[in-house]
Amino acid sequence: MSDAPPFPYDAAAADAAERLTEAVRAVEAQPREKPALLPSLLAAQHHLGWLPRPAIERIAAWVRVPVSEVYATATAYSELRLERPDPLAWHVCTGVACDLAGAEVLLDAAPERARRIDCQFLCALAPVAVDPQERLHGRMTADGLRARIATATTGTAAETATEARA
Ligand code: FES
């Protein structure tokens with residue numbers, strides 16, 4: 001699969017229908033049977049960034065299981081998201097290596113944007129932060145994290161202002 005989309009699916013966004021269509025196409029590339037439930041969920045999330053209700057319903061219909069069973073499966077795996085993630089949120093690994101290397105300092109540096117996440121298996125480069133596009137950043141510093149968040153926030157504000165003027 002290619003890189004994840006930069007921002008999570010938003011039903012109100014201009015490209016919402018197109019992204020949902022892409023996700024449905026990816027789901028319908030899976031076998032139409034119950035064992036394809038998890039791969040279908042992963043495929044949909046890959047295209048949407050999370051699993052909104054329309055995607056859950058399409059998957060349930062495709063693999064022929066009740067919607068409740070799709071939700072049960074989706075809630076059983078921490079990798080699957082049933083809520084739209086904050087497109088500007090960063091995550092800081094709080095596994096043992098990152099904790100020892102200063103994860104708390106990173107969390108304190110950006111309490112409004114940084115959230116905790118389990119080990120990302122990049123322990124040799126602790127402390128590790130994960131950006132909103134799910135890219136890993138090793139040996140992160142508090143100043144580095146603050147600067148990257150500020151850049152992303154400023155960039156988003158500039159894009160919004162440009163869209164508003166158009
Ligand atoms: S403990 Fe942070 S990447 Fe493993």
Checklist entry - Got a number for residues in segment 133-158 being at pLDDT below 90, surrounded by fewer than 15 Cβ atoms within 10 Å (Cβ to Cβ) and more than 16 Å from the ligand (Cβ to nearest atom)? => result 9
Checklist entry - Which condition number in (1) over 17 Å from the mean Cα position of the chain (by Cα); (2) within 16 Å of the ligand (Cβ to nearest atom) is the one that residue 115 fails? => result (1)
Next on the checklist: Let me spell it out: the conditions are (1) of a type in the set (Lys, Arg); (2) modelled with pLDDT of 95 or more; (3) touching a Phe, Trp or Tyr at 6+ places or on another chain (Cβ under 8 Å), and residue 113 meets all of them except one. Which number is the exception?
Outcome noted: (2)
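Which one is farthest from residue 17 (Cα to Cα) among residues in segment 55-94 that are acidic (Asp, Glu) and under 18 Å from the mean Cα position of the chain (by Cα)? Lay out the reasoning, then the answer.
Of segment 55-94, the ones acidic (Asp, Glu) are 57, 69, 79, 83, 86.
Next cut, under 18 Å from the mean Cα position of the chain (by Cα) only: 79, 83, 86.
Working: 79: 24, 83: 18, 86: 20 Å.
Among residues in segment 55-94 that are acidic (Asp, Glu) and under 18 Å from the mean Cα position of the chain (by Cα), the one farthest from residue 17 (Cα to Cα) is 79.
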Checklist entry - Which of the residues spanning segment 106-138 are farther than 20 Å from residue 152 by Cβ and not in a loop (DSSP other than H, G, I, E, B)? => result 123, 124, 125
Item to check | Index of the failed condition, residue 36 passing every other in (1) among the aliphatic types (A, V, I, L, M); (2) closer than 30 Å to residue 127 by Cβ; (3) in a helix (DSSP H, G or I) | outcome: (2)
Item to check | Where a residue in segment 87-109 is of a type in the set (Ser, Thr, Tyr) and its partner, wherever it lies, is surrounded by 15 or more Cβ atoms within 10 Å (Cβ to Cβ) and modelled with pLDDT under 95, with Cβ under 8 Å and at least six apart | outcome: 94/117
Checklist entry - Taking into account only those residues within segment 118-132 that are crowded, with 18+ Cβ neighbours inside 10 Å and either within 11 Å of the ligand (Cβ to nearest atom) or polar (S, T, N, Q) (or both), which is nearest to residue 145 (Cα to Cα)? => result 129
Checklist entry - If a residue has to be of a type in the set (Ser, Thr, Tyr) and either within 9 Å of the ligand (Cβ to nearest atom) or touching a Phe, Trp or Tyr at 6+ places or on another chain (Cβ under 6 Å) (or both) to count, how many in segment 72-110 make the cut? => result 1
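Rundown of residues vs (1) modelled with pLDDT under 95; (2) under 22 Å from residue 133 (Cα atoms), yes/no style:
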site	(1), (2)
1	yes, yes
16	yes, yes
32	no, no
41	no, yes
46	yes, yes
54	yes, no
63	no, no
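Those residues that are surrounded by fewer than 21 Cβ atoms within 10 Å (Cβ to Cβ) and at pLDDT 95 or above, I need them from segment 83-94; list them, please.
Here is the first cut: in segment 83-94, the residues surrounded by fewer than 21 Cβ atoms within 10 Å (Cβ to Cβ) are 83-89, 94.
The answer is 94, and nothing else.
Restricting attention to helices (runs of 4 or more DSSP H) lying wholly within segment 40-102, give those where 3 or more residues are out of contact with any strand residue (DSSP E or B) (no Cβ under 6 Å at 6 or more places or on another chain) and assigned by TED's automatic domain parsing to the domain that holds residue 21.
Values: elements: 53-63, 67-76, 96-100.
Helices (runs of 4 or more DSSP H) meeting the threshold: 53-63, 67-76.
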Next on the checklist: Condition first: among the polar types (S, T, N, Q) and part of a helix (DSSP H, G or I). Now tell me which residues in segment 15-33 satisfy that.
Outcome noted: 21
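The values are calculated or read from the model by the stated rules, or taken from the named source; none is laboratory data. None of these values were measured; they are calculated from a predicted model. Note that we place each Cβ from the backbone using ideal geometry, even for glycine, and neighbour counts take in every protein chain shown.
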